[in-house]
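One structure is given below, encoded as structure tokens.
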């Protein structure tokens, strides 16, 4: 058995999003049905629909930043109850048996985790995301949302929050470390907030000076506009850790040169083109060039508690479902501070093309 629910649907890679429905499975013994209240818009949604990261099956409903309320629980579910505020991020399944899964690193599952949308689910269907009125998810992949986090700001933490928290923690951001954040968008502004809360000295490297005031207000010690090619040259060996959040090609070698001895450049943005890296830049001062993707369920819950403790929330602009196509165009132009969040109560009321 299954149920059709209201959704925002992509029917082609290059057409506008439309109103439609997606099919949700009935609640199984370990499933949770969530009435979605808020759905964040991530640049990954756009990349996926437009085929930048591979061919997709259509129609497709995207969205992996989900905040809502438990509406139904399966007979074997423990620790969650109807009425709880919960969230779902970028994954809704994994093998649960490999070393990484057993260690709480489900995002690095040996078999590959099941993406919240556009992936093959356990029943063979294609997963459909959070631009919808409800979703059914295995309880293991449902996060508890602390009351201290405002409901409409919670959804982006399940992607933008954990995507930046994980490498900051992994590579030791804290007192005495110098962290550079490349880009001041949805991911970048969260990286700044989190790194500052961890006690690091933070510098923002952004293409222009348009968001300089924002960066300093969020706690960054400095901001540099990298459109001037001389800027990076003047920052040689200045940073211990770089968090690169942009999904566009970069002169990687120029950024690597800003790392001090043992410095790490961790990439969380994913441009469609392969990166070009000179090994000689890595040989110099034992620099490292690495990547990071979201976080496991325990680490994501930890991130939520950290944000609640430190009063950290993304900057959001709440929109109705009718505005989603315009919002996507604004994301592509960088015209948002800093994350669009869809009021899911409006899904089903029509989408403007």
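The values are calculated or read from the model by the stated rules, or taken from the named source; none is laboratory data. Just so we're clear, the structure is a prediction, and the values are computed from it rather than from any experiment. Glycine also receives a Cβ, built like all others from the backbone with ideal geometry; neighbour counts cover every protein chain displayed.
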Residue check, residue 192 outside any loop (DSSP other than H, G, I, E, B), at pLDDT 95 or above and in contact with a helix residue (DSSP H, G or I) (Cβ under 8 Å, 6 or more places away or on another chain): yes
Within region 258-275, considering residues that are surrounded by fewer than 20 Cβ atoms within 10 Å (Cβ to Cβ), without any contact (Cβ under 8 Å) to a residue 60 or more places away in the chain and more than 16 Å from the chain's Cα centre (by Cα), the one farthest from residue 240 (Cα to Cα): 273
Residue 167, sole failed condition from (1) in a strand (DSSP E or B); (2) under 14 Å from the mean Cα position of the chain (by Cα): (1)
Qualifying residues in region 1-50 (those that are over 24 Å from residue 139 (Cβ atoms) and free of Cβ contacts under 8 Å to residues at least 40 places away in the same chain) - the one surrounded by the fewest Cβ atoms within 10 Å (Cβ to Cβ): 14
Filter pass, residue 54 being free of Cβ contacts under 8 Å to residues at least 24 places away in the same chain, under 20 Å from residue 323 (Cβ atoms) and loosely packed, with under 14 Cβ neighbours inside 10 Å: no
Number of positions in region 68-126 that are assigned to a helix (DSSP H, G or I), out of contact with any helix residue (DSSP H, G or I) (no Cβ under 7 Å at 6 or more places or on another chain) and surrounded by fewer than 21 Cβ atoms within 10 Å (Cβ to Cβ): 2
Residue within region 140-147 that is closer than 28 Å to residue 328 by Cα and in a helix (DSSP H, G or I) present: yes
Any hit, region 300-311, residues being in contact with a strand residue (DSSP E or B) (Cβ under 6 Å, 6 or more places away or on another chain), within 19 Å of residue 191 (Cβ to Cβ) and surrounded by fewer than 14 Cβ atoms within 10 Å (Cβ to Cβ): no
Residue list for region 236-250, filter: in contact with a strand residue (DSSP E or B) (Cβ under 9 Å, 6 or more places away or on another chain), assigned to a loop (DSSP other than H, G, I, E, B) and either within 13 Å of residue 179 (Cβ to Cβ) or modelled with pLDDT under 95 (or both): 238, 245, 246, 250
Among (1) assigned to a loop (DSSP other than H, G, I, E, B); (2) within 17 Å of the chain's Cα centre (by Cα); (3) surrounded by fewer than 24 Cβ atoms within 10 Å (Cβ to Cβ), the one test that residue 152 misses: (1)
Matching residues, region 20-40, being touching a helix residue (DSSP H, G or I) at 6+ places or on another chain (Cβ under 6 Å) and part of a loop (DSSP other than H, G, I, E, B): 30
Residue, surrounded by the most Cβ atoms within 10 Å (Cβ to Cβ), within region 174-194, restricted to residues that are under 20 Å from the mean Cα position of the chain (by Cα) and within 21 Å of residue 236 (Cβ to Cβ): 181
Test: residue in region 203-215 that is assigned to a loop (DSSP other than H, G, I, E, B), surrounded by 14 or more Cβ atoms within 10 Å (Cβ to Cβ) and on the phi < 0 side of the Ramachandran plot: yes
Enumeration of residues in region 277-314 that are within 14 Å of the chain's Cα centre (by Cα) and part of a loop (DSSP other than H, G, I, E, B): 292, 293, 294, 295, 296, 313, 314
Per-region count, region 276-296, residues surrounded by 13 or more Cβ atoms within 10 Å (Cβ to Cβ) and either at positive phi or in contact with a strand residue (DSSP E or B) (Cβ under 7 Å, 6 or more places away or on another chain) (or both): 9
Test set (1) at negative phi; (2) outside any strand (DSSP E or B) - residue 223 fails condition number: (2)
